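Colleague: A single structure is presented below for examination.
Quick note: the coordinates plus some simple rules give every number you see, no bench work behind them. Nothing here was measured: the structure is a model prediction, and the numbers come from that model. Cβ atoms come from the backbone with ideal geometry, glycine included; neighbour counts cover every protein chain shown.
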Amino acid sequence: MSVIELADVVKRYNNGDEEIAALKGVDLAVDRGEMVAIIGPSGSGKSTLLNVIGLLDTPTEGTVTLDGQDVTDLGTDGLTDRRRESIGFVFQAYHLLPIFTAVENVTVPSMWDSTVDRTDRARELLDRVGLGERLSHKPNQLSGGQQQRVAIARALVNEPHIILADEPTGNLDQDTGATILDELTRMKNEENVAIAAVTHDEQLTNYADRTVELVDGVRR
Ligand code: ADP
């Protein structure tokens with residue numbers, strides 16, 4: 001069973017009088033343990049696709065299935081719950097909170113639930129991405145590559161089934177990008193998590209198990 005499955009997804013935006021179809025009938029299924037790179041020119045619908053997969057936006061037509069459950073019509077609260085349970089996010093600009101330590105940053109996605117304490121899991125994940133000696137460092141005491149490792153640990157803290165990454169190597173030089181992709185690949189295998197990454201980085205597509213290309217809102 002795929003973690004996420006999109007069937008004939010259409011997404012239209014209304015810009016005043018003009019209607020823009022950002023996605024024009026996209027099918028996509030991503031399985032646990034695979035990394036899929038999503039590529040395509042600017043304006044081809046990559047961000048829209050990532051937002052639909054991440055339950056941050058809903059399709060105009062078509063269906064979205066998460067872990068076998070049709071989530072297309074769940075509504076905002078239902079989508080938020082499913083997103084928290086099953087989806088982790090990694091961004092180009094890391095988006096760490098500057099006043100928090102590395103450990104605290106990693107626990108952020110678990111803070112909405114006061115009945116669980118993920119501090120031990122956060123420490124363990126940071127150790128596994130090579131930051132065991134930097135648990136109490138603030139983001140400004142860490143390099144870009146180290147900050148992205150913290151972000152990878154954060155994305156994994158709730159034991160998600162899929163990680164969505166938006167240009168995860170976009171702010172990093174080639175060598176640091178390669179170490180981040182090594183780290184993502186290792187965690188993908190260790191945690192049996194799916195990864196879908198929007199990218200312009202050819203290096204990332206080399207690491208990916210498969211590449212999905214969008215052109216003008218359709219898969220090529
Ligand atoms: P990409 O990520 O590949 O650059 P996007 O998904 O951002 O592509 O955009 C696809 C198309 O949808 C573009 O024509 C863009 O202008 C339009 N679009 C995206 N988001 C919105 C929005 N919130 N409102 C109106 N149009 C949008």
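Colleague: Where nothing but the Cβ of Lys and Arg (+1) and of Asp and Glu (-1) is charged, how large is the charge dipole of the chain around its Cα centre, in debye to the nearest 20?
Modeller: Working: 21 positive and 37 negative charges, 91 e Å.
Charge dipole of the chain: 440 debye, to the nearest 20.
Colleague: Before rounding to the nearest 500, sum -39500 (n - 2.57) across all DSSP H runs of length at least 4 in the chain and divide by the residue total; then give [θ] at 222 nm in deg cm²/dmol. Don't skip to the answer; put the middle values down first.
Modeller: Values: 7 runs with 73 residues, N = 220.
Helix-only estimate at 222 nm: -10000 deg cm²/dmol.
Colleague: Tell me which lysines have Cα within less than 29 Å of residue 24's Cα, excluding those fewer than 8 residues away on the same chain?
Modeller: 11, 46
Colleague: Calculate how steeply helix 75-86 sits against the longest principal axis of the alpha-carbon atoms of the chain, using the helix alpha-carbon long axis, and give the answer as 0 to 90 degrees to the nearest 10.
Modeller: Roughly 40 degrees, rounded to the nearest 10.
Colleague: Pick out, from 171, 48, 194, the residue whose Cα sits farthest towards the positive end of the charge dipole of the chain, with +1 on the Cβ of Lys and Arg and -1 on the Cβ of Asp and Glu.
Modeller: It is 171, whose Cα lies furthest towards the positive end.
Colleague: Another question, then. Using the Karplus curve 6.51 cos²θ - 1.76 cosθ + 1.60 with θ = phi - 60°, work out ³J(HN,Hα) for each residue of region 123-131 in order, rounded to whole Hz, and write x for Gly and Pro.
Modeller: 4, 5, 5, 5, 4, 5, 8, x, 10
Colleague: While we're here: Could you sort the peptides 76-82, 44-50, 180-186 by per-residue average Cβ neighbour count (10 Å cutoff), highest mean leading? It would help to have the intermediate numbers written out before the result.
Modeller: Numbers: 76-82: 13.6, 44-50: 22.0, 180-186: 18.7.
Peptide ranking by packing, descending: 44-50, 180-186, 76-82.
Colleague: Output the peptides 150-158, 165-173 sorted from most to least packed, where packing is the average of other Cβ atoms within 10 Å over each peptide's residues.
Modeller: Output ranking for 150-158, 165-173: 150-158, 165-173.
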